[in-house]
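Below is one structure, written out as structure tokens; comments come after it.
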Amino acid sequence: AAGLVASKVTLGESDLQIRGLSFSDAPVLKKGEEGGGYVAHLWQNGSASEIALYPNLNYADPVWRDLLREADFRRALSLAIDRRAINKSLYYGLALEHAVAPLPASPFFTEERARAWAEFDLARANAMLDALGLDQRARDGTRLLADGRPLEIVVETAGERPVESDALELVAESWRDIGAKLIFRPLDRDILRNSVYEGASMMPVWSGWNNGIPTPSSPPVDVAPVEQVNFSWPKWGQHFQTKGQAGEPPAIEPAQRLLELFQAWNDAQDDAERAAIWNEMLDIHADRIFAIGLVSGAPQPIIVNTRLRNVPEKAIYAWEPGAHLGVHRMDEFFFVE
């Protein structure tokens, strides 16, 4: 359970721990160093966002699905998030107030991509929602869909990180000012995934792309509709992975283009060609906001037994590339007596 890992660590019950720890545990971990017989280092998270909302473009409800596929709807929701407030209150201002985009360590990092639709602008967000025809409101100020239902956005998480619910409370506050009501639901990880895959989940929450530090030779799986596990377009991913046996082909032009570019990357002859393809894919994402990132690059605590050697003090923690600790050559960590 969330929070339990940190307490076990401070009791000296772990020699090497990074999973299950989040930045909010850092003060407690630092305090417990002596009693727990470990040191706490701060690495950096390598995914493209700490917390990202994924408008499910394959959501089963046709009215909602059409709305979620409107780029201006996703852009408006992104503009109505106060990333500075989230950064200050949950990360002591140490995270980056960025959209889902490559981190500064990537050759593809640009300020434009990182800040795309990420400034806090309620007036612009409200105007965009009005222009989409969502200009009718209920008595409490919540906007109404074309069929009269309230604009209630159900956001589901795997419930494993307390920081997600704290961040979503702040998102709910500012979304209220644009007439959108956020309803938060924690689910079990497997139930959440299956719900997303079958189109039953409207806007799941996960971290951003696994690989926040892409290079030209990184396969662009996070940015194209080629995997069911990508919460932006699970059915388009299924279609690609099963060679058309399941799911459905991408139904909007930008996603079709991303698929073409993915195939072009596979056929590319050199890094210059691969880099050009990556750049186009990333520009499409910055423009279309297929996932709405809150903040990125937050410090990630890792605790290391004081007798354990060869564990780097500073490093990147990422599933891709590097398989979390794998890239740091764990086979060369050793204990001294």
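What are the residue pairs meeting all of these: first residue in the stretch 71-88, first residue closer than 25 Å to L132 by Cβ and open to solvent by 10 Å² or more (accessible area, probe 1.4 Å), second residue hydrophobic (A, V, I, L, M, F, W, C) and part of a helix (DSSP H, G or I), Cβ atoms under 6 Å, and 6 or more apart or on different chains?
Listed pairs, sorted by first residue: D72/M128.
Being surrounded by 19 or more Cβ atoms within 10 Å (Cβ to Cβ) and in contact with a strand residue (DSSP E or B) (Cβ under 7 Å, 6 or more places away or on another chain) narrows it down to one residue among L68, L29, L57; which is it?
That would be L29, the only listed residue that is surrounded by 19 or more Cβ atoms within 10 Å (Cβ to Cβ) and in contact with a strand residue (DSSP E or B) (Cβ under 7 Å, 6 or more places away or on another chain).
Just to be sure before I move on: is L187 farther than 23 Å from R75 by Cβ and open to solvent by 30 Å² or more (accessible area, probe 1.4 Å) in the structure I sent? Before you say what the answer is, go through the steps one by one.
Numbers: farther than 23 Å from R75 by Cβ: yes; open to solvent by 30 Å² or more (accessible area, probe 1.4 Å): yes.
Yes; evaluated as a whole, the condition is true for this residue.
Limited to the stretch 1-54, what total is found for residues that are farther than 28 Å from A118 by Cβ and among the hydrophobic types (A, V, I, L, M, F, W, C)?
11
Taking the stated definitions as given, is V100 β-branched (V, I, T) and at pLDDT 95 or above?
Numbers: β-branched (V, I, T): yes; at pLDDT 95 or above: yes.
It is true that V100 is β-branched (V, I, T) and at pLDDT 95 or above.
Say we look at the stretch 1-31 and pick out the residues that are under 20 Å from G326 (Cβ atoms) and over 23 Å from the mean Cα position of the chain (by Cα); which of these is modelled with the lowest pLDDT?
S14
Of all residues in the stretch 95-118, which are buried (at least 23 other Cβ atoms within 10 Å of the Cβ), touching a His at 6+ places or on another chain (Cβ under 9 Å) and either within 16 Å of S47 (Cα to Cα) or of a type in the set (D, E, K, R) (or both)?
Hits for the stretch 95-118 are A99, V100, A101.
For the stretch 118-167, give me the residue count where each residue is in contact (Cβ under 8 Å) with a residue 40 or more places away in the chain, within 20 Å of Y59 (Cα to Cα) and not hydroxyl-bearing (S, T, Y).
If we filter the stretch 118-167 for residues that are in contact (Cβ under 8 Å) with a residue 40 or more places away in the chain, which is where we start, we get 118-122, 124-126, 128-129, 131-132, 134, 137, 145-147, 149, 153-164, 166-167.
When the remaining residues are screened for being within 20 Å of Y59 (Cα to Cα), the result is 129, 132, 134, 145-147, 149, 153-158.
Checking the rest, the ones that are also not hydroxyl-bearing (S, T, Y) come to 129, 132, 134, 145-147, 149, 153-156, 158.
Of the residues in that region, 12 qualify.
Residue by residue through the stretch 59-72, note down the ones that are under 14 Å from A146 (Cα atoms) and either among the aliphatic types (A, V, I, L, M) or within 18 Å of the chain's Cα centre (by Cα) (or both).
Across the stretch 59-72, the qualifying residues are V63, L67, L68.
Just one of (1) more than 30 Å from L67 (Cα to Cα); (2) surrounded by fewer than 17 Cβ atoms within 10 Å (Cβ to Cβ) trips up D287, so point out which.
(1)
Determine whether the stretch 292-304 contains at least one residue that is within 27 Å of S78 (Cβ to Cβ), in contact with a helix residue (DSSP H, G or I) (Cβ under 8 Å, 6 or more places away or on another chain), modelled with pLDDT of 95 or more and surrounded by fewer than 22 Cβ atoms within 10 Å (Cβ to Cβ).
Looking for residues that are within 27 Å of S78 (Cβ to Cβ), in contact with a helix residue (DSSP H, G or I) (Cβ under 8 Å, 6 or more places away or on another chain), modelled with pLDDT of 95 or more and surrounded by fewer than 22 Cβ atoms within 10 Å (Cβ to Cβ), one finds none in the stretch 292-304, hence no.
Kindly indicate which of E248, E198 is touching a Phe, Trp or Tyr at 6+ places or on another chain (Cβ under 7 Å), touching a residue at least 24 places away in the same chain (Cβ under 8 Å) and surrounded by fewer than 16 Cβ atoms within 10 Å (Cβ to Cβ). Quick ask: steps written out before the conclusion?
Values: E198 fails: touching a Phe, Trp or Tyr at 6+ places or on another chain (Cβ under 7 Å).
Residue meeting the stated conditions: E248.
Go through (1) modelled with pLDDT of 95 or more; (2) open to solvent by less than 10 Å² (accessible area, probe 1.4 Å) one by one and return the number of the condition E173 breaks.
Going through the list (1) modelled with pLDDT of 95 or more; (2) open to solvent by less than 10 Å² (accessible area, probe 1.4 Å), E173 breaks only (2).
Step by step: first the residues of the stretch 210-241, then only those that are in a loop (DSSP other than H, G, I, E, B) and polar (S, T, N, Q), then the one that is surrounded by the most Cβ atoms within 10 Å (Cβ to Cβ). Which residue is that?
Across the stretch 210-241, the extreme among qualifying residues is S232.
Restricting the stretch 32-42 to residues that are touching a residue at least 60 places away in the same chain (Cβ under 8 Å), crowded, with 19+ Cβ neighbours inside 10 Å and not in a helix (DSSP H, G or I), which is farthest from the chain's Cα centre (by Cα)?
Y38
One residue is enough: does the stretch 148-159 have a residue meeting the conditions within 24 Å of G199 (Cα to Cα), more than 23 Å from the chain's Cα centre (by Cα) and either open to solvent by less than 40 Å² (accessible area, probe 1.4 Å) or at pLDDT below 95 (or both)?
Going through the stretch 148-159, the residues within 24 Å of G199 (Cα to Cα) turn out to be 148-159.
Okay, now just the ones that are also more than 23 Å from the chain's Cα centre (by Cα), so 148-150.
Then drop every residue that is not either open to solvent by less than 40 Å² (accessible area, probe 1.4 Å) or at pLDDT below 95 (or both), which leaves none.
No.
Please find, within the stretch 310-337, the residue that is most open to solvent (accessible area, probe 1.4 Å) out of those that are assigned to a loop (DSSP other than H, G, I, E, B) and of a type in the set (F, W, Y). Even if it seems obvious, please write down each step before you answer.
First, pick out the residues of the stretch 310-337 that are assigned to a loop (DSSP other than H, G, I, E, B): 310-315, 318-325, 329, 333, 336-337.
In the following step, the residues that additionally are of a type in the set (F, W, Y) were identified as 319, 333.
Details: W319: 136, F333: 29 Å².
Of everything passing the filter in the stretch 310-337, W319 is most open to solvent (accessible area, probe 1.4 Å).
In this structure, is L182 in a strand (DSSP E or B), open to solvent by less than 40 Å² (accessible area, probe 1.4 Å) and in contact (Cβ under 8 Å) with a residue 24 or more places away in the chain?
Working: in a strand (DSSP E or B): yes; open to solvent by less than 40 Å² (accessible area, probe 1.4 Å): yes; in contact (Cβ under 8 Å) with a residue 24 or more places away in the chain: yes.
It is true that L182 is in a strand (DSSP E or B), open to solvent by less than 40 Å² (accessible area, probe 1.4 Å) and in contact (Cβ under 8 Å) with a residue 24 or more places away in the chain.
Here is a list: D140, D121. Which entry is among the charged types (D, E, K, R) and surrounded by fewer than 15 Cβ atoms within 10 Å (Cβ to Cβ)?
Numbers: D121 fails: surrounded by fewer than 15 Cβ atoms within 10 Å (Cβ to Cβ).
The match here is D140.
The values are calculated or read from the model by the stated rules, or taken from the named source; none is laboratory data. Because the structure is a prediction, the values reported are computed rather than measured. Positions of Cβ are generated from backbone atoms using ideal geometry, with glycine treated the same way; all protein chains shown enter the neighbour counts. Heavy atoms of the whole protein, side chains included, go into the accessibility calculation; ligands, DNA and RNA do not. Shrake-Rupley method; radii C 1.70, N 1.55, O 1.52, S 1.80 Å.
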